[in-house]
1. Given (1) more than 9 Å from ligand 1 (Cβ to nearest atom); (2) in contact with a Ser or Thr (Cβ under 9 Å, 6 or more places away or on another chain); (3) on the phi < 0 side of the Ramachandran plot, identify the lone condition not met by GLU110.
2. Among the residues of the range 299-314, is any modelled with pLDDT under 95, assigned to a helix (DSSP H, G or I) and either in contact with a helix residue (DSSP H, G or I) (Cβ under 9 Å, 6 or more places away or on another chain) or assigned by TED's automatic domain parsing to the domain that holds ILE602 (or both)?
3. Is at least one residue of the range 205-216 surrounded by 20 or more Cβ atoms within 10 Å (Cβ to Cβ), within 16 Å of ligand 2 (Cβ to nearest atom) and modelled with pLDDT under 95?
4. Which is out of contact with any Phe, Trp or Tyr (no Cβ under 8 Å at 6 or more places or on another chain), open to solvent by less than 30 Å² (accessible area, probe 1.4 Å), of a type in the set (Asp, Glu) and over 23 Å from ARG203 (Cα atoms), of GLU139, GLU164?
5. Is it the case that some residue within the range 44-51 is hydrophobic (A, V, I, L, M, F, W, C), farther than 18 Å from ARG68 by Cβ, assigned to a loop (DSSP other than H, G, I, E, B) and within 9 Å of ligand 1 (Cβ to nearest atom)?
6. Mind counting the residues in the range 311-354 that are within 30 Å of GLY388 (Cα to Cα), in contact (Cβ under 8 Å) with a residue 60 or more places away in the chain and touching a strand residue (DSSP E or B) at 6+ places or on another chain (Cβ under 6 Å)?
7. Please go through the range 106-133 and give me each residue that is aliphatic (A, V, I, L, M) and either touching a Lys or Arg at 6+ places or on another chain (Cβ under 8 Å) or away from ligand 2 (no atom under 16 Å from the Cβ) (or both), ordered by number.
8. Quick check on ILE131: is it closer than 19 Å to GLY103 by Cβ, surrounded by 21 or more Cβ atoms within 10 Å (Cβ to Cβ), touching a residue at least 24 places away in the same chain (Cβ under 8 Å) and among the β-branched types (Val, Ile, Thr)?
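The values are calculated or read from the model by the stated rules, or taken from the named source; none is laboratory data. Remember, it's a predicted structure, so these values are computed and weren't measured experimentally. Glycine also receives a Cβ, built like all others from the backbone with ideal geometry; neighbour counts cover every protein chain displayed. Please note that ligands, DNA and RNA were not included when accessible areas were found on the heavy atoms of the full protein model with its side chains. Shrake-Rupley method; radii C 1.70, N 1.55, O 1.52, S 1.80 Å.
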Amino acid sequence: MKEYEIYELLKKYGINTPKYEVFDIDAPLYFDRFPAVLKIASDKVVHKSDVGGVRVGIDSPEELEVARQEVVENLQQRGIFLDINDKFIVEEFVQGEEFYIGGLYDTIFEEILLFGKGGTLIEIEKDVCYIDTQANKEEILRSFKTTKISKMFPTFRGKKYRLEFVVDVVQKFQKLFINENIEQFDVNPLIYTDEGFVAVDARLKPGKKQKRAKRIRSSNIFANQNIAIFGATDKENKVGYALAKNSLSSSANIYFVNPHLDTLFGKKVYKSIDELPPIDTAVIAIPAHLVLELIEELGKRGVKNIIVISAGFKEVGNKEAEEKMASLARKYDLNVIGPNCLGIYNSQKNLNLTFARASILPGNIALISQSGAVLTALIDKAYTHSLGFSHIISLGNMADFDFADAINAMEQEENCIYINIYAEGLQNGKSYLEAIRNTNKPIAIYKAGKTKEAKKAAFSHTGNISGDYDMLIGLSYAAGAIIKEDIDELIFASQFAHFSEVLIITNAGGPGTILTDLVVQHGKKIYRLSKQEIEQLNAILPSTWSHNNPVDIIGDATAQRYQKTLEVLYKPHLLIFVLVTPQFMTEPLPIAKIITKYKNVIPIFFGEESFKEVFNYFQEQKVLYFNDLENVANIL
Ligand code: ADP
Ligand code: MG
């Protein structure tokens with residue numbers, strides 16, 4: 001498509017373009033709006049200015065004629081000879097700041113827009129953001145605000161820049177990209193003017209885009225009252241043993257199935273599916289080659305929830321079996337989790353259908369993970385620090401049930417307050433973003449694989465500046481997710497998310513200052529001591545105390561001094577850090593014992609050798625503690 005044809009398409013969607021005239025290659029040029037721009041429109045030229053095919057700042061008909069001679073010569077010098085298929089465009093010169101908008105079709109996210117600073121340095125500056133074609137106004141703005149150029153809004157050097165124009169032009173391109181058969185496009189520059197944005201250059205690649213069918217689920221994955229574990233076994237080294245053992249604590253009805261066993265943990269073992277009473281949930285830990293047949297049987301019997309623990313599918317190249325599994329899920333309207341997963345957990349029924357080694361404590365975080373191994377590590381850590389979960393979902397290979405399904409499932413679960421996700425890769429990006437957009441719960445995501453591998457595409461800027469990690473993170477953030485940089489934050493941060501104010505009690509000034517920085521950087525406030533509190537502290541602390549929060553109670557602080565300070569300042573709505581450095585007078589263990597008497601008081605024993613006994617004590621007591629300052633950020 002030639003530039004002027006694209007202009008007509010843009011106009012159809014209400015997108016402004018400059019006034020222009022098109023001329024045959026040897027027709028006389030005339031134009032009455034100056035300053036004007038002359039451009040070549042030829043299929044032989046991709047980036048016009050690279051070959052001298054654009055002349056700006058033309059002020060008269062005479063200059064226009066000169067410009068035309070120059071363009072023809074420039075092209076000839078580069079071996080480009082014009083013919084009757086080529087045209088000249090003469091158009092208005094548009095004054096304003098140069099932006100850029102592009103669209104690409106991604107196999108995961110489908111149609112995605114890129115928007116940001118335009119101009120010739122776009123590939124170097126990469127000052128762009130990602131916007132989903134389904135993004136609403138709020139989301140468009142959240143995304144745009146991550147760019148540097150957005151700082152010009154609402155005013156820059158005395159000139160007004162209107163965000164409504166940004167939303168308006170993005171929404172128009174969203175419509176255009178969804179409706180038209182365009183695979184990729186880019187508009188550079190898209191010029192900001194007082195009347196709105198004007199597209200003065202556009203390139204596009206036609207092509208049909210594939211649409212993924214949306215999966216509507218009719219049953220709740222956590223409606224588990226009658227559960228069968230296929231592959232339950234007495235062999236301690238097998239997954240089926242751990243699953244059976246972990247399931248015993250539940251209030252739901254659990255049935256074990258194994259053709260070679262009579263009883264397990266004092267319960268009857270059923271020989272086959274035919275002997276079983278009606279069930280709603282099946283956990284499958286049998287050899288991979290028997291799994292599909294079993295799912296078909298379960299589907300026929302109306303069992304809705306199936307958790308496939310068994311491995312040996314896509315991860316070992318067995319793609320076909322996994323595709324079959326997905327089609328069975330659709331055929332019988334099933335929720336199939338896995339294969340190759342750790343299982344699920346629901347605190348409400350104390351239902352542990354995982355083969356994790358460590359026990360799982362109840363809490364208010366739903367942890368959704370693609371990797372079973374990462375999940376076991378986090379469960380282990382959480383138990384050490386007495387942290388719990390409302391739900392755990394190990395997604396495994398995601399043949400059927402994916403991130404979007406997991407997020408949607410959490411919407412109805414009252415005991416889930418936070419949704420935390422560990423992701424490696426996605427398959428269905430649009431439904432994932434929609435789930436984030438629609439949830440009312442805080443949702444945090446950690447994405448593995450950060451290398452910024454840019455996709456190569458010679459066609460446009462759009463292909464050159466987009467990167468997989470950046471795109472996933474940018475889109476997730478815009479849709480409303482909190483992006484986590486450290487895996488540990490997935491289990492720690494939510495526990496303290498509701499505290500907005502922080503109190504620091506310390507026996508050293510420096511570490512107190514470092515901690516203050518961390519607290520403020522993570523968006524929490526430093527609590528202001530009241531006059532009364534300061535007076536009370538004056539009565540019990542040496543006169544050199546800081547008279548401020550961080551409350552520096554001086555290097556010679558004893559356990560008793562920590563105790564008295566806490567007695568004056570403790571408040572249940574404050575997140576309190578008690579910082580201890582190993583000084584000569586410090587009594588580590590007595591201080592530790594005082595701290596554990598309080599809720600929401602987090603000990604930071606900044607040191608190593610002098611605190612060995614204290615760390616053992618905390619581990620025994622399952623108390624969350626820190627031995628450095630940097631990691632404290634994980635809970636902020
Ligand atoms: P290409 O990107 O193919 O080299 P453009 O049409 O984008 O060609 O023109 C090159 C540059 O000339 C633009 O980036 C812009 O700075 C300027 N330009 C082109 N057309 C106009 C116009 N109508 N008004 C103002 N500036 C223009
Ligand atoms: Mg251009």
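1. Against the list (1) more than 9 Å from ligand 1 (Cβ to nearest atom); (2) in contact with a Ser or Thr (Cβ under 9 Å, 6 or more places away or on another chain); (3) on the phi < 0 side of the Ramachandran plot, GLU110 comes up short only on (3).
2. Within the range 299-314, one or more residues are modelled with pLDDT under 95, assigned to a helix (DSSP H, G or I) and either in contact with a helix residue (DSSP H, G or I) (Cβ under 9 Å, 6 or more places away or on another chain) or assigned by TED's automatic domain parsing to the domain that holds ILE602 (or both).
3. Among the residues of the range 205-216, not one is surrounded by 20 or more Cβ atoms within 10 Å (Cβ to Cβ), within 16 Å of ligand 2 (Cβ to nearest atom) and modelled with pLDDT under 95, which makes the answer no.
4. Testing whether each residue is out of contact with any Phe, Trp or Tyr (no Cβ under 8 Å at 6 or more places or on another chain), open to solvent by less than 30 Å² (accessible area, probe 1.4 Å), of a type in the set (Asp, Glu) and over 23 Å from ARG203 (Cα atoms) leaves just GLU139.
5. So far as the range 44-51 goes, yes, one or more of its residues are hydrophobic (A, V, I, L, M, F, W, C), farther than 18 Å from ARG68 by Cβ, assigned to a loop (DSSP other than H, G, I, E, B) and within 9 Å of ligand 1 (Cβ to nearest atom).
6. Here the count works out to 13.
7. ILE108, ILE112, LEU113, VAL128, ILE131
8. Yes; evaluated as a whole, the condition is true for this residue.
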